[in-house]
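The values are calculated or read from the model by the stated rules, or taken from the named source; none is laboratory data. Nothing here was measured: the structure is a model prediction, and the numbers come from that model. All Cβ positions, glycine included, derive from the backbone under ideal geometry; neighbour counts span all protein chains shown. Just so you know, the surface numbers come from the protein's heavy atoms only, side chains and all, with ligands and any DNA or RNA stripped out. Shrake-Rupley method; radii C 1.70, N 1.55, O 1.52, S 1.80 Å.
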Amino acid sequence: QVQLVESGGGLVQAGGSLKLSCAASGPIFNKYIVAWFRQAPGKEREFVSSISRVGGPTYYADSVDGRFTISRDNSKNMVYLQMRSLKPEDTAVYYCAADLYLNTIISLRSTQYAYWGQGTQVTVSS
């Protein structure tokens, strides 16, 4: 079992940057595929990015590809999402999610992930 806690959200101007962190607890964190999802008010939760057990390869939604970077440091039980060139449409609650049994990082449905953090709010102003 793994517990996840997100941090790093906040208010940022369009064009700015934020770095989100996902801190994991548990003895087998290196065995989990980890992903970031986001959910804006009135919208369904959507996939943002995912990362393999060893830090590569990675996968990105078209909407963030080229602007966001996912990374992990298994020695610290941490996953990060570096967000650049932020747009108002990036405004959402961002969640990290993990699953032990996925076979591919191209797992885009929220129901595929067993463990979730509480979320951190990202607000991008115009």
Residues whose placed amide H lies under 5 Å from that of Lys87, excluding near-sequence neighbours:
Gly15
Could you name the lysines whose alpha carbon sits less than 25 Å from that of Lys43, not counting residues in the same chain fewer than 8 places away?
Lys19, Lys87
Explain nothing, just the number: dipole magnitude of the chain about its Cα centre with +1 on each Lys and Arg Cβ and -1 on each Asp and Glu Cβ, in debye rounded to the nearest 20.
200 debye
Picking from Ile28, Gly119, Leu11, whose Cα lies most toward the positive end of the charge dipole for the chain (charges on Cβ: Lys, Arg +1; Asp, Glu -1)?
Ile28
Among 97-104, 52-59, 34-41, what's the highest-first ranking by average C-beta atoms within 10 angstrom per residue?
34-41, 97-104, 52-59
Excluding ligands, DNA and RNA, what is the solvent-accessible area per residue of region 30-77 at a probe of 1.4 Å, expressed in Å²?
51 Å²
Orientation-averaged projected area, Cα convex hull of region 81-126 (nm²):
4.0 nm²
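Can you compute the FRET efficiency between Arg67 and Gln3 using 1/(1 + (r/R0)^6), with r the Cβ-Cβ distance and R0 = 35 Å? Round to the nearest 0.05.
Values: r = 29 Å, r/R0 = 0.82.
Using R0 = 35 Å, I get an efficiency of 0.75.
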